[in-house]
């Protein structure tokens, strides 16, 4: 999760005084457009299952769950609990996944591992298997490479430290702006010296998003209704536009996941996500 060291997560769960301990293997791509988890689940079922067995030897879990969006085509032992979640964004986010799988609400300040909940991506579980059983270090990763203009995507295996622009030139040699990040909704334009790290899930060729930026909010309420953490997005954005950042205190802007859903659905074409992000940073400093 956000490149947080796996061994620290495991140790936090081991040291947790939680009455119950749970393992959730996350096979749910958070952002739209990501395809590598779905591919990975079907390509390496034996390795993933053996990785789960290794983790179960480290910690006595009360439950072990593989969370996925689609069960069809999966080939795993029947004793593994496979939980199908609804296919919506951002269901792959940790706290939302905990709510869907365990029906437990965690505050934005709560670390799941401290509550005895170990959440690992399928690639991490695969890396655990490789490290323990094959003595292979985790210096590569699979990610989604996409051409947004042509609506195509591919799963690519890359070495950590590789230059993003060189990979895109090999996969999609067409000229264009290159973007990278955790997914389509949270990516940024790549610099010439950007490299693949453990945070990189997505690289793409795309055009810059263009916002209409109507001067007035249409008052439709879509931004607030689509916010996964229930923020009053339109009110927060209005205060930011008015330069009244001090008034966003108490509106829970610090809970923002930076998912970008509010900007995507805004009928007025406003980049609401950037406004809420500014409020979030202000609240964190305050």
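The values are calculated or read from the model by the stated rules, or taken from the named source; none is laboratory data. Owing to the predicted nature of the structure, the values given are computational and were not obtained by experimental measurement. Here the Cβ positions follow ideal geometry from the backbone for every residue, glycine too, while neighbour counts run over all protein chains shown.
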query: Got at least one residue in segment 189-207 being assigned by TED's automatic domain parsing to the domain that holds residue 153, part of a loop (DSSP other than H, G, I, E, B), in contact with a helix residue (DSSP H, G or I) (Cβ under 9 Å, 6 or more places away or on another chain) and without any contact (Cβ under 8 Å) to a residue 12 or more places away in the chain?
result: yes
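State which residue is nearest to residue 220 (Cα to Cα) when the search covers only segment 263-278 and only residues that are part of a helix (DSSP H, G or I) and in contact (Cβ under 8 Å) with a residue 24 or more places away in the chain.
Going through segment 263-278, the residues part of a helix (DSSP H, G or I) turn out to be 263-265, 272-278.
Those still in the list that are in contact (Cβ under 8 Å) with a residue 24 or more places away in the chain too: 263-265, 272, 275-276, 278.
Numbers: 263: 13, 264: 14, 265: 10, 272: 14, 275: 18, 276: 17, 278: 22 Å.
Per the stated criteria, the residue is 265.
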- line: Of the candidates 102, 106, 118, the one satisfying the condition of being modelled with pLDDT of 95 or more, touching a helix residue (DSSP H, G or I) at 6+ places or on another chain (Cβ under 6 Å) and under 30 Å from residue 283 (Cβ atoms) is 118
query: Before we move on, is residue 125 crowded, with 16+ Cβ neighbours inside 10 Å and either under 18 Å from residue 6 (Cα atoms) or in contact with a helix residue (DSSP H, G or I) (Cβ under 6 Å, 6 or more places away or on another chain) (or both)?
result: yes
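Part of a strand (DSSP E or B), surrounded by 17 or more Cβ atoms within 10 Å (Cβ to Cβ) and in contact with a helix residue (DSSP H, G or I) (Cβ under 9 Å, 6 or more places away or on another chain): does that describe residue 240?
Numbers: part of a strand (DSSP E or B): no; surrounded by 17 or more Cβ atoms within 10 Å (Cβ to Cβ): yes; in contact with a helix residue (DSSP H, G or I) (Cβ under 9 Å, 6 or more places away or on another chain): yes.
In short, no.
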message: Of the residues 96, 71, only one is in contact (Cβ under 8 Å) with a residue 12 or more places away in the chain and either surrounded by 15 or more Cβ atoms within 10 Å (Cβ to Cβ) or at positive phi (or both); which?
response: 96
